[in-house]
1. Starting from region 122-187, pick out the GluC sites (Glu not before Pro) whose DSSP state is loop and whose Cβ has at most 13 other Cβ atoms within 10 Å.
2. For region 1-101, give the percent of accessible area contributed by carbon and sulfur heavy atoms, probe 1.4 Å, rounded to a whole number.
3. What net charge is computed for the residues neighbouring Leu66, neighbours being all others with C-beta under 11 Å from the C-beta of Leu66, Lys and Arg scored +1, Asp and Glu -1?
4. Could you derive backbone 3J(HN,Hα) for region 15-22 from the dihedral phi with the Karplus parameters 6.51, -1.76 and 1.60 (θ = phi - 60°), listing whole Hz in sequence and x where the residue is Gly or Pro?
5. Given region 104-160, what whole percent of its Cα pairs are spread farther than 12 Å?
6. Inverting the mean 1/r over all pairs of different Cα atoms, compute the Kirkwood radius of the chain and quote it in Å.
7. Determine the per residue accessible area of the chain with all protein chains present and a 1.4 angstrom probe, expressed in square angstrom.
8. Which whole-number percentage describes the relative contact order of the chain, with Cα contacts under 8 Å and a sequence gap of 6 or more?
Amino acid sequence: MIEYQHLLNKYDIKCDINMLESIWNESNRYYHNLEHLTDLFNQIDEVSKNEDYSEADIDTLKLSALFHDIVYDVNNNDNEVKSNEMFLSLCKDKNNPIIKEVSKIILETETHIPTSKLSELFCSMDMDILNRDFDSLLKWENGIYEEYKSYETYKFGRILFLNECLDKYPLNQGNLLKLIKYVGDNY
């Protein structure tokens, strides 16, 4: 991740990439970890090949990836707000349009209801796991379960969430239904 230090420096974000990497690597993170972050960077790299996106757009997406889950505590329901607060506390120029857009994107990952083209793109990347094969979904599910397994209502809430995803990801309904059955049978 050291290659992203230049991005922090470019936008005068006062933190060391190694600190961010250690946060993403915390032992309580089973899905919202470096693997998820790397997946987002890989998706952004693919998008960067599209001439419709400027260098500033790609920088915005990368900064959003770095900070969108930087605060992640399963016991709190304001992780996006806290992530955004941390991000802004590290930014020297909070009025920079890119900083403002990153801040908005971070906050919109709470609901995944975007209000801009870049936020829509980032939210779709963040939730891209829901378009993947069953083995990928199962790996995701196991990570989410490890993060939330202390909640007695995990099974009920998770099945409710996954059922809501059926209409949003119609091309992957078969795998999602298989995952819903897995959650119902195993948790």
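The values are calculated or read from the model by the stated rules, or taken from the named source; none is laboratory data. These numbers were taken from a predicted model, which means no experiment stands behind them. Neighbour counts run over all protein chains shown; Cβ positions are idealised from the backbone, glycine included. The accessibility values were calculated without ligands, DNA or RNA, using every heavy atom of the protein model including side chains. Shrake-Rupley method; radii C 1.70, N 1.55, O 1.52, S 1.80 Å.
1. When the GluC sites (Glu not before Pro) of region 122-187 are filtered for loop state and at most 13 Cβ neighbours within 10 Å, Glu152 remain.
2. Carbon and sulfur atoms account for 46 percent of the accessible area of region 1-101.
3. Values: positive: Lys62; negative: Glu21, Asp59, Asp69.
In short, -2.
4. So the Karplus estimates, Gly and Pro as x, are 7, 9, 4, 5, 5, 5, 4, 5 Hz.
5. Numbers: 1126 of 1596 pairs.
Everything past 12 Å amounts to 71 percent.
6. Taking every pair of different Cα atoms in the chain, averaging 1/r and inverting gives 17.3 Å.
7. Counting only protein heavy atoms, the per-residue value for the chain is 53 Å².
8. Across the chain, relative contact order equals 18 percent.
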